1. For the stretch 1-29, give me each residue that is modelled with pLDDT of 90 or more, part of a strand (DSSP E or B) and surrounded by fewer than 18 Cβ atoms within 10 Å (Cβ to Cβ).
2. Quick one: residue 46 ticks every box in (1) part of a loop (DSSP other than H, G, I, E, B); (2) among the small types (Gly, Ala, Ser); (3) at pLDDT 90 or above except a single one, so which number is it?
3. Under 8 Å between Cβ atoms, at least 6 apart or on separate chains: pull out the pairs that start in the stretch 45-62 with a residue that is over 15 Å from residue 22 (Cα atoms) and end on any residue that is at pLDDT below 75.
4. Would you say residue 32 is among the hydrophobic types (A, V, I, L, M, F, W, C), farther than 18 Å from residue 8 by Cα and modelled with pLDDT of 90 or more?
Amino acid sequence: MIPNTGSYRLANVRLHASLSPGLGAAFDRDGFALADITVTEGKIAAISAHRRAATPLDAVDLGGRIVLPCFVDCHTHIDKGHIWPRKPNPDGTFMGA
């Protein structure tokens, strides 16, 4: 469970190399490495290579689970943006398209 405090650490997480440039850790053949993420006031403050020492009290040990950012599907269909002259849809319905 995520602590309800201003600062905590997510320990023993797996991060992909594309999300952690400069992380001084050994990446496996799938491109993941063990890391610790420090969160302060709800924002990521630091990412560091996981230390196998005892997990501190302010940490949540994720046991090597993968951590990913919140993905947002922000794609668009540029080819669909200029079709009104060719195919108007005055009522805005699926069938009218």
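1. Once the filter is applied, which keeps residues that are modelled with pLDDT of 90 or more, part of a strand (DSSP E or B) and surrounded by fewer than 18 Cβ atoms within 10 Å (Cβ to Cβ), the stretch 1-29 yields only 16.
2. (1)
3. 58/3; 58/5; 60/1; 60/2; 60/3; 61/55
4. Answer is yes for this residue.
The values are calculated or read from the model by the stated rules, or taken from the named source; none is laboratory data. Only a predicted model underlies this, so the values are computations on that prediction, with no experimental measurement involved. Don't worry about glycine lacking a Cβ; one is built from the backbone with ideal geometry, like all the others, and counts go over all protein chains shown.
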